[in-house]
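Each remark here refers to the structure printed beneath this line.
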Amino acid sequence: MHLLVTGGAGYIGSHTCVAAHAAGHTVTVLDNLCNSSAESLARVERISGRRPRLIVGDIADRAVVRSVLDSEKFDAVIHFAGLKAVGESVAKPWEYYQNNVAGTLVLLDELRRHEVFDFVFSSSATVYGNPDPANLPLRETAPLAAVSPYGATKLWLEEVMRSMAAADPRWHFLLLRYFNPVGAHESGLIGEDPSGIPNNLMPYITQVAVGRLKELTIFGNDYPTPDGTCQRDYIHVCDLAEGHVAALAKVRELPGCTAVNLGTGNAVSVAQLVASFEKAVGRPLPHRYGPRRPGDAAACWADPSKARELFGWTAKRNADDMCRDAWNWQSRNPNGYRGA
Ligand code: NAD
Ligand code: UD1
């Protein structure tokens, strides 16, 4: 297939470019590089021997989107482009609605004009809000709720796609709800490269390990979980990338709009992830326990059986693999792509 991958220079996008190349697809990336660097695609070329064509532009810029779609015929789109920091979305809600919602509406409008109707969307487990423990593991039918402007953008876009699919049977939408993507390609050439101090657990851990940050604070050890720390469904980014390729193979067969969890189905606590990381690195990670982070759910993990049934896909890599590969990336690239 010839794929248009928006946000393809980013963390999940770059790993998906590698998986798409391995499956024989051709990739064109549309990315404004607001949270990434073209270096990631140079690294993709080093891994897969092919470099995606990069168009530097914004999905909200109709002229750019139109010219991309005029210039080539695409079989399907994977739509990663978006802003993703929950805290920032609370401080800058307009920017999140403009970038994620308004930008995606422009993209969808131009796609229907160009009759490209197969669309894979980066949704998130955030659409389940703060889940009721009675609903764990989460199935796609669990109640949905937005607990931040970021979450609202994902929820609203899911709703837009559901309505558009109901109105026009030519659309095939896959709403892939990612749990907690972590890790990096085993080569250590591509990985997660957050700007500023990371908010998320794994990049915080790797930056402590590499000496950029002093110590990890584990937010809360008094949750109603086996060891008192929060549980999440961490998924290796390469499993996630392969999930996209498996989804693409089925997108045209699935009518309308289909939501699918991409997770492992395993609940891993913060303390367990820290222990896995210490094993991978072979030394203790400086950490201490602190108060709970406001808004955190005690536990959130997926029932991934729908992805297995529909796509024949399951995650293969465990927490030790995630930690080993995250560390391999961070230790080879202590300053991310900026050191390149
Ligand atoms: P990322 O920031 O690394 O990648 C997003 C890419 O989109 C970046 O390269 C950025 O430059 C680009 N981009 C942003 N706005 C754009 C715009 N208006 N026009 C063109 N390009 C634009 O993030 P990621 O972790 O790779 O996430 C990819 C997608 O997956 C996002 O939509 C995110 O919300 C979703 N998601 C991520 C996670 C996660 O934990 N990483 C979890 C669930 C869902
Ligand atoms: C975050 C996003 C969520 C997104 C999900 C998947 C927030 C508030 N939510 O959720 O929208 O869907 O990622 O990518 O950002 N932790 C620490 N110390 C730290 C950092 C984190 O103990 O320095 C803990 C957190 O309390 C949490 C766990 O680690 O229990 C995972 O945190 P994080 O990586 O931020 O992911 P989520 O909170 O699951």
**Request:** Please figure out what share of the DSSP beta bridges in the chain is antiparallel and state it in percent, rounded to the nearest 5.
**Result:** 5
**Prompt:** Listed here are the pairs Lys92/Lys154; Lys214/Lys279; Lys84/Lys279; Lys250/Lys316; Lys279/Lys306; Lys92/Lys306; which of them are more than 27 Å apart at the Cα?
**Reply:** Lys84/Lys279; Lys279/Lys306; Lys92/Lys306
**Asked** When only Cα pairs under 8 Å and 6 or more residues apart are kept, what is the percent relative contact order across region 197-340?
**Response** 36
**Item:** Stretch gain in nm, segment Glu278-Arg252, where the contour uses 0.36 nm per residue and the Cα spacing is subtracted
**Value:** 5.0 nm
**Request:** Net charge near Pro52: determine it from the other residues with C-beta under 11 Å of the C-beta of Pro52, scoring Lys and Arg +1 and Asp and Glu -1.
**Result:** +1
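Where Lys and Arg each count +1 and Asp and Glu each count -1, what net charge lies around Ala246 among other residues with Cβ under 13 Å from its Cβ?
Residues close to Ala246 contribute a combined charge of 0.
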**Asked** So, in nm, how far is label Ala63 from label Ser163 when the simple model puts each one 7 Å beyond its Cα toward the Cβ?
**Response** 3.0
**Fill in**
Fraction of alpha-carbon pairs in the chain farther than 29 Å apart, rounded to whole percent, equals 35
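When only C-alpha pairs under 8 Å and at least 6 residues apart count, what is the relative contact order of the chain, in percent?
RCO, the chain: 19 percent.
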**Request:** Compute the Rg/Rh shape ratio of region 268-319: radius of gyration over Kirkwood radius, all on alpha-carbon atoms.
**Result:** 1.10
**Message:** Rounded to the nearest 20 debye, what is the charge dipole size of the chain about its Cα centre when +1 sits on each Lys and Arg Cβ and -1 on each Asp and Glu Cβ?
**Reply:** 480
**Message:** Please check: in the Gaussian network model of the chain (C-alpha springs, under 10 Å), which one of Ala152, Ala23, Ala315 has the largest mean-square fluctuation.
**Reply:** Ala23
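Each value in this text was obtained by applying a stated rule to the coordinates, not by laboratory testing. Since we're looking at a predicted model, the values are computed, not measured. Ideal geometry is used to build each Cβ from the backbone, glycine not excepted, and the neighbour counts take in all protein chains shown.
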